[in-house]
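Data first, discussion second: the structure below is written as structure tokens.
The values are calculated or read from the model by the stated rules, or taken from the named source; none is laboratory data. Just so it is clear, the structure is predicted and the values come from calculations on it, not from any experiment. Cβ placement follows ideal geometry from the backbone for every residue including glycine, while neighbour counts extend to all protein chains displayed.
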Amino acid sequence: MNWSEFFAMGNYALYVWGSYGAAALVLIFNMLAACRRMRSVRRELQSLTRLNRAESE
Amino acid sequence: MFFHKYASPKIFYGFAGKLIPWFAGVTSILLAIGLYQGLFVAPPDYQQGESVRIMFIHVPAAWLSMFAYMVLASAGAIGLIWNMRLAEMAATAAAPIGASFTLLALVTGSLWGKPMWGTWWAWDARLTSELLLFFLYIGFMALQAAIDDPKRAARAGALLALVGVVNIPVIHFSVQWWNTLHQPASLSTINKIGAPAIHPSLLIPLLIMALAFTLFFVTLLLVRLRAEILHRERYTGWVTELVKP
């Protein structure tokens, strides 16, 4: 089996690689979205602490 | 009971933090093996040719779409019945991940349906019930986003999720109950000699990918759950202590 044959996927390239590409997008999206959520919560917490400190001063 | 200790959001936050790297590591290894097996080792199908490789994405995604929903609904029920905050947060954390894999199952199903059935979409029982599952996830997230009070948001979301559980057996049995375009189950169907109807050369990569997707879900669930814990507990002493510079 050579590489061009492998990428052609028996003339199903669009469908097979489309599926694996969609899976890659979903995995990457999930990782980025989870990290983004964690960052936004941490930012929220930091602004809360700043607020608390400002009040106590 | 032992799990009460881990049901405390504070303790679970630390515990989950220790687990995440391990789950992430095992997930990456399984994904690498599954992809290699699925793309290079598994033979083309005698009827479907190379397009059968779509199965290694499609079936695990569809399985996870239902598994994640059961996790969401069970967590919601535990939150409702025992008033456990950690379970409420777990339901919220599971929703976006489950929704994304439901979408993946629909998209890959479409990409597989076009060359095999000649159509991207049909209003068939299996496809329609899976689409309904996607809308249940979206409805759950929209409902929770619309309610400010976290306790009320958790209760409303859990009720919606529990009503939606009816859809899970409908998805699973749709290919038996109705005459559909979708092929019947490959894993639970037993052939005449008492073995699964699917050949081991296709079954092994399929199971590895399903396990990899499931562990990916668990890893991401833990990450999102930690974020959710910090958010819901933001006024408590231990969280304030944690973010102190």
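Worth a mention:
- For region B:203-217, the set of residues classified as surrounded by 21 or more Cβ atoms within 10 Å (Cβ to Cβ) and either of a type in the set (A, V, I, L, M) or more than 10 Å from chain A (Cβ to nearest Cβ) (or both) consists of B:Pro205, B:Leu206, B:Ile208, B:Met209, B:Ala210, B:Ala212, listed by residue number.
- Pairing residues of region A:1-23 that are more than 9 Å from every other protein chain (Cβ to nearest Cβ) with residues that are exposed (fewer than 12 other Cβ atoms within 10 Å of the Cβ), at Cβ distances under 9 Å and at least 6 apart in sequence or on separate chains, gives A:Trp17/A:Phe7.
- For A:Leu48, the criteria (1) modelled with pLDDT of 90 or more; (2) facing chain B (nearest Cβ under 7 Å) hold in every case but one, which is (1).
- Residues that are more than 10 Å from every other protein chain (Cβ to nearest Cβ), free of Cβ contacts under 8 Å to residues at least 60 places away in the same chain and not in a helix (DSSP H, G or I), drawn from region B:27-54: B:Tyr46, B:Gln47
- Residues (buried (at least 20 other Cβ atoms within 10 Å of the Cβ), facing another protein chain (nearest Cβ under 7 Å) and touching a Ser or Thr at 6+ places or on another chain (Cβ under 9 Å)) located in region B:221-245: B:Arg224, B:Ala227
- When B:Lys114 is tested against (1) within 21 Å of B:Leu220 (Cα to Cα); (2) within 9 Å of another protein chain (Cβ to nearest Cβ), only condition (1) is not met.
- Evaluation of B:Gln144 against the conditions (1) assigned to a helix (DSSP H, G or I); (2) more than 29 Å from B:Ala212 (Cβ to Cβ) shows that the sole unmet condition is (2).
- Restricting attention to region A:24-38 and to residues that are surrounded by 11 or more Cβ atoms within 10 Å (Cβ to Cβ) and more than 9 Å from chain B (Cβ to nearest Cβ), the residue that is nearest to B:Ala94 (Cα to Cα) turns out to be A:Arg36.
- Test: residue in region B:149-156 that is among the small types (Gly, Ala, Ser), surrounded by 23 or more Cβ atoms within 10 Å (Cβ to Cβ) and in contact (Cβ under 8 Å) with a residue 40 or more places away in the chain: yes
- Subset of region B:75-107 that is farther than 20 Å from A:Ala33 by Cβ and among the β-branched types (Val, Ile, Thr) - its residue that is farthest from the other protein chains (Cβ to nearest Cβ): B:Ile81
- Qualifying residue in region B:43-63 (condition: closer than 19 Å to B:Leu133 by Cβ and of a type in the set (Phe, Trp, Tyr)): yes
- Residue check for B:Thr102: buried (at least 24 other Cβ atoms within 10 Å of the Cβ) and touching a His at 6+ places or on another chain (Cβ under 7 Å): no
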